[in-house]
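What follows is a set of notes on a single structure, which appears directly below.
The values are calculated or read from the model by the stated rules, or taken from the named source; none is laboratory data. Since the structure is predicted, the reported quantities are computational estimates derived from the model, not experimental observations. Neighbour counts are summed over all protein chains in view; Cβ atoms, including those assigned to glycine, are modelled from backbone coordinates with ideal geometry. For the accessible areas, the whole protein counts, side chains as well, though only heavy atoms, and no ligand, DNA or RNA atoms are used. Shrake-Rupley method; radii C 1.70, N 1.55, O 1.52, S 1.80 Å.
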Amino acid sequence: MPSNEKELNANLFDQLTLVERIERHLKSGGIEAAEAEIEIVKNEINRKLYQQPPLKNE
């Protein structure tokens, strides 16, 4: 969970960017291109979630 407004805004901008990327692929390449982009995004998120060492020590 974001601890301040700046972190929250950064997260919202990241989400907006993902939606825009998927929309762009839907318009240019159809559903198959959008599905491929979603898989790429999922892989990127998983890399961030499971990176070693973690971003933040808790």
**Asked** How many residues are within 14 Å of the chain's Cα centre (by Cα) and not small (Gly, Ala, Ser) when one looks only at the range 10-32?
**Response** 13
**Item:** Pairs, first within 24 Å of residue 11 (Cβ to Cβ) in the range 27-51, second open to solvent by less than 70 Å² (accessible area, probe 1.4 Å) and of a type outside the set (Phe, Trp, Tyr), C-beta under 6 Å, six or more apart
**Value:** 34/22; 34/25; 37/21; 37/22; 37/25; 41/18
